[in-house]
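Novice: Take a look at this one; I'll ask things after.
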């Protein structure tokens with residue numbers, strides 16, 4: 001019976017890659033939105049949306 | 001002091017992932033025919049089950065949006081679809097990696113694989129349809145319709161193995177067979193729990209981001225109205 005460790009190795013690494021990639025994307029989007037909201041609030045001279 | 005509401009779910013998910021990894025590699029018995037490559041199953045199959053849950057949440061949120069037209073349902077539906085797509089991608093990538101040594105091919109147009117690929121394409125459509133119009137209400141309405149109709153594929157994916165008798169193994173019910181060995185079953189259950197925590201954790205991050213994007217859209221609209229008034233006067 002062959003053990004096929006490279007397949008196991010790549011399967012688990014790809015899972016981490018996909019999850020970490022998605023988490024990073026969420027982080028980037030969150031920071032971009034926060035920056036843009038702060039900039040627009042300054043432009044509009046207001047406290048926040050209703 | 002650590003904020004429990006902010007760090008609780010990520011910490012829980014990490015702890016569960018470490019336990020599942022330990023159980024996958026050191027606790028679960030080695031499968032007699034496939035050998036160690038079968039251990040992919042403990043992260044592949046639970047991802048498939050929790051992606052069904054994610055698309056069920058999208059289905060419920062889509063119906064709620066179409067009935068109430070409240071933006072919060074669209075935000076929940078969008079968040080759940082995005083996470084469901086990540087989980088379906090895990091299923092679609094790890095499945096072929098398991099299939100290569102076991103079936104001798106990465107991909108075959110077998111019923112479970114084909115219907116899962118269709119599921120992924122449907123929910124990609126849910127995300128992409130929003131780019132075809134600038135009207136936010138229309139975006140949400142179109143997506144919600146796909147969220148409702150697209151869910152019809154979930155039971156088809158689930159029962160495809162029984163209906164079309166493909167190569168894909170039955171996971172939850174083995175008719176006339178012994179089913180999963182106890183250590184394998186425990187590891188599989190822990191995998192489901194881990195993905196459930198991961199789903200909850202990602203939702204707790206993605207839904208507030210959706211709300212923030214909605215605030216941003218509102219602010220942009222206000223800024224654009226202000227600019228138009230200045231130009232007009």
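The numbers here are math on the coordinates, done by the rules we state, and not lab data. None of these values were measured; they are calculated from a predicted model. All Cβ positions, glycine included, derive from the backbone under ideal geometry; neighbour counts span all protein chains shown.
Novice: If you find the alpha carbon centre of region B:24-51 and of region B:94-118, how far apart are they in angstrom?
Specialist: 15
Novice: Now for a different question. Residue B:181 to residue B:158: extension gain in nm, 0.36 nm per residue of separation minus the Cα-Cα distance?
Specialist: That works out to 6.1 nm of additional length.
Novice: In percent, how large is the relative contact order of region B:1-156, given Cα pairs closer than 8 Å and 6 or more residues apart?
Specialist: 24
Novice: Also: Mind giving me the nanometre distance, one decimal, between the label points for residue B:129 and residue B:220, set 7 Å out from Cα along Cα→Cβ?
Specialist: So the two model labels end up 2.1 nm from each other.
Novice: PRE reach from residue B:19 (point 7 Å along Cα→Cβ): which of region B:191-219 fall under 19 Å by backbone N?
Specialist: Answer for this model: B:191-202.
Novice: Additional query: In nm, to one decimal, how far is the modelled label at residue B:204 from the one at residue B:145, with both set 7 Å along Cα→Cβ?
Specialist: The modelled label-to-label distance comes out at 3.7 nm.
Novice: Please give the average number of partner chain Cβ atoms lying within 10 Å of the Cβ of each residue in A:16-26, rounded to a whole number.
Specialist: Mean partner shielding for this stretch: 4.
Novice: Working from Cα positions, state the angle (0 to 90°, nearest 10) between the long axis of helix A:5-44 and the longest principal axis of chain A.
Specialist: 0
Novice: Relative contact order, percent, of region B:68-180 when contacts are C-alpha pairs under 8 Å separated by at least 6 residues?
Specialist: Here the relative contact order equals 26 percent.
Novice: What does the helix-only formula give at 222 nm for chain B: each DSSP H stretch with n ≥ 4 adding -39500 (n - 2.57), the total divided by the residues, and the result rounded to the nearest 500 deg cm²/dmol?
Specialist: Helix-only estimate at 222 nm: -27000 deg cm²/dmol.
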